[in-house]
Structures are given as structure tokens and as C-alpha cells.
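The values are calculated or read from the model by the stated rules, or taken from the named source; none is laboratory data. Source: prediction; values computed, not measured. All Cβ positions, glycine included, derive from the backbone under ideal geometry; neighbour counts span all protein chains shown.
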Amino acid sequence: MTLQQLEYVIALNRYRHFVTAAEKCFVTQPTITIQVKKLEDEIGFSIFNKSKSPFKPTDLGVMFIQKAEIILREVTDLKNMVSKELDNLDGSFKIGVIPTISPYLIPLMSGSFSDKYPNTFLLIEEMQTHNIISALQKGEIDLGILVTPLEEPFIKEVKLYNEPFVFYCQKSHQFGQNTTISAKDIEKMDNLWLLNSGHCFRNQVLNICSNTSTDKNIQFQSGSIEALKKMVDNYGGYTLVPEMAISEYDSGCNIHFEDPKPIREVSIVTHHSFAKDALIDALRIEILDKSPKDFVKNKRFTKINWR
């Protein structure tokens, strides 16, 4: 017994004509005839007495149709409830954001998002990529904002923007007066400051600066891009930063790469079972509105993988 078969029975009872009922159900007349016959065979009695014209329900058929109408109304109510719930953004949601995105993106969009959705509470925590993946799988968080692709079978990725890398150095650096730089220029350059192990941004930078070596007698392990910039300011060398980390208060030089620019792909990620598409879309719209416009319009880029 299927809901579709019940709908055919209701249509036949309403129109008392197979062709008309089939047209109203957007199927052929043989389809509705076959499906109703299958249903009658399954339940063991005839729903309609077809010996008369127009045909009428049998006594058991009347009872069956009344019950079918109740069931279909309940199903409609259930669908409406689910649809309303999926579109409802009220409640608390846990979001994990990687540390190289969080301090630059979250302050930009959090105020306007709160104003638009005052009954939506976002519990945002900085987490490294592998922890976000694990937390999504365990159901400990609802969404993540990080660098993709992840290539995890249970995760859905909704791309937000492509963020370019920027070369950061002192003004006295050999490239300090450059307006642009190429990835080839820095392939064998020494004194690169990196985030500590576990950060996907570190792996992306190493993929760009694959031949880099260091002769520094200070080895600094940090999880902060701002700390790396301070090391460059005070100790020399260089680092790469995401474009949103550029500040007018930086002491050093932020030099953009030539086309094709190395970029990182930033996305919202959820478990495939997460059904609140309305929340994903609300976050996506707000983030894209507040992030630099050229991120979403960038046509030429080289995506840097981090795995």
C-alpha cells in the first residue's frame, strides 16, 4: 500500500470516472487502473463496485476511503510541519571555524547576522580542520567553515569564496618595493615563518613555497597569523597571509601575487544529514555580502590543496 495508491482512490471517489481521475493525477488511465487493482488485491476486497455506471464505493470501500482521506491529510500536515521547521532558523547552532579564517571573517558578519536573525544563536568555536571533521561526524557541531576540498564522503561542501594569498615582508626586504610578486620568485627564498603543525594554512603555504629552507636560529611555533607578521616585522624574513588578514595598521608590506593567483577555497561544510538548508543559505548570503567582492568574481586562480 502506497500513498500514491491512496491518492488514486481519493481521486476516483471524487470524480467517479477513471479517465478524469487519471488526468487530475497527471497519469494515464491504465496506470490508475492497475495501481488501484493492485491495492484491492493487497487488502483483499473491492473498494469500488464497477458493475454500475457511474461506479460507487462498496461498503468496505466507503470506510477505506474515509480512513485514506484522514491519512493523506495527516501526511500533508506532516509535510507542512517539516517544511516550516526546515525554514525556521530559531534555536542554537554550533559552528567550528578554523583559526586562520575566524578572526577575519566572524567579526565582519556576526553583527548583521544577529540583527537579521535575533532568535538564531550561533555558538562559534575556533577549531582545527581535523577537529571540525571529527565533530561533524560525531554530531558535536552543526556546521564548519574551513578550507576545502575535504574529499570526505559524509560531508557536504558549500563553497563561499576563493581567498588569495598575500606575501608579507619588511619594507627593507628585497621585494619590499614590489607591487606584485610571483610564486616562482619565492620558490627558493629563505626565512619563511610558518604556523605550527596541524594548521591547513601551513600546508598550503608549503605547497606554494615547496623549496623553501631556513637559516633562522630562532624557531617559533605559533597558531596565529598575526604573531607571524610580528615576527617578520621584528626579525625579518617573510610569511604568506590570507588576503583578509591584511590591515591598514600593518608595519610591513603586503604584496599581491600576479595572475594566476594562488588562492584557498573557503566553504561552509555540514554532515550530509544536516537538513537546515535555510541556515546554510542565510550564512552564505551574509558572508558573501561582507567579504571582499573580488573574492567571488575572481576568474583566474590556482587553487592550493592542503592535504
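Can you spot a residue in the stretch 80-98 that is among the polar types (S, T, N, Q), touching a strand residue (DSSP E or B) at 6+ places or on another chain (Cβ under 8 Å) and surrounded by 12 or more Cβ atoms within 10 Å (Cβ to Cβ)? Checked the stretch 80-98: no residue is among the polar types (S, T, N, Q), touching a strand residue (DSSP E or B) at 6+ places or on another chain (Cβ under 8 Å) and surrounded by 12 or more Cβ atoms within 10 Å (Cβ to Cβ). Scanning the stretch 79-88 for residues that are among the hydroxyl-bearing types (S, T, Y) and touching a residue at least 12 places away in the same chain (Cβ under 8 Å) turns up nothing.
The one condition from (1) farther than 19 Å from H17 by Cα; (2) at pLDDT below 85 that P54 does not meet is (1). What do you reckon, is D250 at pLDDT 85 or above and surrounded by fewer than 15 Cβ atoms within 10 Å (Cβ to Cβ)? It is false that D250 is at pLDDT 85 or above and surrounded by fewer than 15 Cβ atoms within 10 Å (Cβ to Cβ). For V75, the conditions (1) out of contact with any Leu (no Cβ under 8 Å at 6 or more places or on another chain); (2) in a helix (DSSP H, G or I) all hold with the exception of (1).
Selection of first residues in the stretch 37-53 that are surrounded by 12 or more Cβ atoms within 10 Å (Cβ to Cβ) and of second residues that are of a type in the set (D, E), restricted to Cβ pairs under 8 Å at least 6 apart or on distinct chains, gives the following pairs, ordered by first then second residue: S46/E40; I47/E40. The lone criterion from (1) in a helix (DSSP H, G or I); (2) exposed (fewer than 13 other Cβ atoms within 10 Å of the Cβ) left unmet by T33 is number (2). Could you tell me whether I304 is farther than 21 Å from E226 by Cα, modelled with pLDDT under 90 and not aromatic (F, W, Y)? In short, yes.
Take the conditions (1) modelled with pLDDT of 90 or more; (2) of a type in the set (D, E, K, R); (3) more than 44 Å from the chain's Cα centre (by Cα); K38 misses just one of them, which is (3).
Taken over the stretch 274-289, the criterion of being touching a residue at least 24 places away in the same chain (Cβ under 8 Å) and either among the charged types (D, E, K, R) or surrounded by fewer than 17 Cβ atoms within 10 Å (Cβ to Cβ) (or both) is satisfied by A275, K276, D277, A278, A282, R284, E286, L288, D289.
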